[in-house]
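The values are calculated or read from the model by the stated rules, or taken from the named source; none is laboratory data. All of these numbers come straight from a predicted model, not from anything done at the bench. All Cβ positions, glycine included, derive from the backbone under ideal geometry; neighbour counts span all protein chains shown.
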Amino acid sequence: MDTSRDTLLKADELGRIEMTERGGVPVIRRDIVAARWWARSFARRAAAREARALAKLDGIDGVPALLGWNGHELLRGYIAGAPMQQAQPRDKAYYRDALRLLARLHRRGIVHNDLAKEPNWLVRIDGRPALVDFQIAWTRGRRGPLFRLLAREDVRHLLKHKRTYCPQALSARQRAILGTPAPHARVWRATGKRLYKLIARRVFGYWDNEGQGRVRD
Ligand SMILES: Nc1ncnc2c1ncn2[C@@H]1O[C@H](COP(=O)(O)OP(=O)(O)O)[C@@H](O)[C@H]1O
Ligand SMILES: [Mg+2]
């Protein structure tokens, strides 16, 4: 296979993300084999979860198509655009469409769970939102209070980005949501986050693992 046109987008303990092509069409490849040995089974489970989420979200505009998953590599359709930290979406239409996109996810029983990270939000060429990185998504359907709590956290994380880039368009209700994080998020902020940062720095050598992109929580 000719790999000369592959572009590395990201590499860490859990593997590599590359842009490559299949049959002349650009695709995004998640390579589990490149994960460190001690992280490999975790990386494989996370990729399997992503594959399950993408399969359930098939056909939704703003979510990459699942093109393949064989236990070693996961292929997703490429979405042309730029990550949020680069594109800095200041148009309120972006957030309206992003809320609709989240509603569609949630209706299919998927919660994303990793939306505090700007690099997981894309701004497409036409300005509309798209989502990537379903590795820690909830994929088991709409089940009770925990699902609703996590779905609301997805929305709250989006509103945090809106508060950064488009604060004047926040409604009173949206401000209220921002003011009331879920209990686990409060506990996390008070305790777990510090511990996680410590571990992330010591073990992984990073905290904000995607470099430029900020994590709002
Ligand atoms: N389908 C896609 N289309 C365009 N860019 C993508 C796509 N998937 C991932 N990317 C880019 O690659 C980066 C890393 O992918 P991601 O799935 O978030 O990996 P990780 O789980 O390691 O964070 C994303 O932040 C995004 O910039
Ligand atoms: Mg990511």
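Do you know which residues across region 124-137 are surrounded by fewer than 22 Cβ atoms within 10 Å (Cβ to Cβ) and more than 8 Å from ligand 1 (Cβ to nearest atom)?
124, 125, 126, 127, 128, 136
Looking only at region 47-56, decide whether some residue is closer than 16 Å to residue 12 by Cα and not acidic (Asp, Glu).
Kept after step one, since they are closer than 16 Å to residue 12 by Cα, are these residues of region 47-56: 47.
Add one more test, that the residue is not acidic (Asp, Glu), and what stays is 47.
Checked region 47-56: at least one residue is closer than 16 Å to residue 12 by Cα and not acidic (Asp, Glu).
Exactly one condition in (1) more than 28 Å from residue 100 (Cβ to Cβ); (2) of a type outside the set (A, V, I, L, M); (3) within 13 Å of ligand 1 (Cβ to nearest atom) is not met by residue 49; state its number.
Among (1) more than 28 Å from residue 100 (Cβ to Cβ); (2) of a type outside the set (A, V, I, L, M); (3) within 13 Å of ligand 1 (Cβ to nearest atom), the lone unmet condition for residue 49 is (1).
Can you tell me which residue is nearest to residue 63 (Cα to Cα) among those in region 117-132 that are away from ligand 2 (no atom under 11 Å from the Cβ) and touching a residue at least 12 places away in the same chain (Cβ under 8 Å)?
Across region 117-132, the extreme among qualifying residues is 130.
Among the listed residues 112, 106, which satisfies the condition of being within 15 Å of ligand 1 (Cβ to nearest atom), crowded, with 19+ Cβ neighbours inside 10 Å, touching a residue at least 24 places away in the same chain (Cβ under 8 Å) and under 22 Å from residue 162 (Cα atoms)? Steps first, please.
On the way: 106 fails: within 15 Å of ligand 1 (Cβ to nearest atom).
Among 112, 106, only 112 is within 15 Å of ligand 1 (Cβ to nearest atom), crowded, with 19+ Cβ neighbours inside 10 Å, touching a residue at least 24 places away in the same chain (Cβ under 8 Å) and under 22 Å from residue 162 (Cα atoms).
Kindly establish whether residue 164 is of a type in the set (Ser, Thr, Tyr), on the phi < 0 side of the Ramachandran plot and within 16 Å of ligand 1 (Cβ to nearest atom).
Working: of a type in the set (Ser, Thr, Tyr): yes; on the phi < 0 side of the Ramachandran plot: yes; within 16 Å of ligand 1 (Cβ to nearest atom): no.
Spelling it out, it is not the case that residue 164 is of a type in the set (Ser, Thr, Tyr), on the phi < 0 side of the Ramachandran plot and within 16 Å of ligand 1 (Cβ to nearest atom).
What strands (runs of 3 or more DSSP E), lying completely within region 1-60, carry at least 3 residues that are in contact (Cβ under 8 Å) with a residue 24 or more places away in the chain? Give the steps one after another, and end with the answer.
On the way: elements: 7-12, 15-22, 25-31.
Hits in region 1-60: 15-22, 25-31.
Could you figure out which of (1) in a helix (DSSP H, G or I); (2) touching a residue at least 60 places away in the same chain (Cβ under 8 Å); (3) within 16 Å of ligand 1 (Cβ to nearest atom) isn't true of residue 95?
(3)
Within region 80-89, does at least one residue satisfy the condition of being touching a residue at least 60 places away in the same chain (Cβ under 8 Å), more than 19 Å from residue 114 (Cβ to Cβ) and either assigned by TED's automatic domain parsing to the domain that holds residue 117 or touching a strand residue (DSSP E or B) at 6+ places or on another chain (Cβ under 7 Å) (or both)? Before the answer, list the steps.
So the first thing to find is which residues in region 80-89 are touching a residue at least 60 places away in the same chain (Cβ under 8 Å), and the list is 83-86, 88-89.
In the following step, the residues that additionally are more than 19 Å from residue 114 (Cβ to Cβ) were identified as 88.
If we keep only those that are either assigned by TED's automatic domain parsing to the domain that holds residue 117 or touching a strand residue (DSSP E or B) at 6+ places or on another chain (Cβ under 7 Å) (or both) as well, we get 88.
Looking through region 80-89, at least one residue is touching a residue at least 60 places away in the same chain (Cβ under 8 Å), more than 19 Å from residue 114 (Cβ to Cβ) and either assigned by TED's automatic domain parsing to the domain that holds residue 117 or touching a strand residue (DSSP E or B) at 6+ places or on another chain (Cβ under 7 Å) (or both).
With 44, 108 as the choices, which residue is in the same structural domain as residue 33 (by TED's automatic domain parsing), away from ligand 2 (no atom under 16 Å from the Cβ), out of contact with any Ser or Thr (no Cβ under 9 Å at 6 or more places or on another chain) and among the basic types (Lys, Arg)? Outline the logic, then answer.
Details: 108 fails: in the same structural domain as residue 33 (by TED's automatic domain parsing).
Just one listed residue meets the conditions, 44.
Report the residue count in region 138-152 for those that are surrounded by 14 or more Cβ atoms within 10 Å (Cβ to Cβ) and either touching a strand residue (DSSP E or B) at 6+ places or on another chain (Cβ under 8 Å) or part of a loop (DSSP other than H, G, I, E, B) (or both). Reasoning before the result, please.
Keep residues of region 138-152 that are surrounded by 14 or more Cβ atoms within 10 Å (Cβ to Cβ), which gives 138-139, 142, 147-152.
Keeping just the survivors that are either touching a strand residue (DSSP E or B) at 6+ places or on another chain (Cβ under 8 Å) or part of a loop (DSSP other than H, G, I, E, B) (or both) gives 138-139, 142, 147, 150-151.
Residues flagged as surrounded by 14 or more Cβ atoms within 10 Å (Cβ to Cβ) and either touching a strand residue (DSSP E or B) at 6+ places or on another chain (Cβ under 8 Å) or part of a loop (DSSP other than H, G, I, E, B) (or both) within region 138-152 amount to 6.
Given the conditions (1) in a loop (DSSP other than H, G, I, E, B); (2) surrounded by fewer than 17 Cβ atoms within 10 Å (Cβ to Cβ), and given that residue 82 satisfies all but one, which numbered condition is not satisfied?
With respect to (1) in a loop (DSSP other than H, G, I, E, B); (2) surrounded by fewer than 17 Cβ atoms within 10 Å (Cβ to Cβ), residue 82 is out only on (1).
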